[in-house]
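Inspection log for the structure reproduced underneath, given as structure tokens.
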């Protein structure tokens, strides 16, 4: 009987070692997946942190560029205002130049007219002097004739 019991125990299938092997394999697989997941989370966290740093740096650059753009716009506006003032001054100077050129032309015309009038008056004066000279010479001739008649 003792043999019969020993055989029965040998014939019985012992499933616990296989069950433990399956559970330990499953546990190792879950631990491996969990390790991979934790490692992936760590790497993604670092990448996101790096992107946050890059994003904040880019935001600061955007702010700097916005300030530079505002400065350039104000400078451009100042230059446009200065250009408008210079153009207005140039227009005023050109108008003054035109006015002075007209006055110069009028003065030159008046000068030419005065020169012509002076030349005409000079000619008249010369003719009057000649007439006067002729009259004086006739008066002298007449005086000589009168003096000759009185003697």
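FYI, it's all coordinate maths here, none of it is from the lab. None of these values were measured; they are calculated from a predicted model. Positions of Cβ are generated from backbone atoms using ideal geometry, with glycine treated the same way; all protein chains shown enter the neighbour counts.
A few remarks follow.
- Calculated mean residue ellipticity at 222 nm for the chain: -36500 deg cm²/dmol, from DSSP H runs with n ≥ 4 weighted as -39500 (n - 2.57), summed, divided by the residue count and rounded to 500.
- Full extension of the chain segment joining residue 38 with residue 149 gains 23.9 nm, where the gain is 0.36 nm per residue of separation less the Cα-Cα distance.
- Selected from 125, 58, 43 as most flexible by GNM, with the chain as the system and alpha-carbon contacts under 10 Å: 125
- With each label modelled as a point 7 angstrom along the Cα→C-beta vector, the residue 132-residue 70 pair spans 8.9 nm.
- Spin-label model distance (nm) - residue 97 vs residue 110, 7 Å beyond Cα toward Cβ: 2.4
- Inter-probe distance in nm under a simple model that places probes 7 Å from Cα toward Cβ, at residue 13 and residue 82: 9.8
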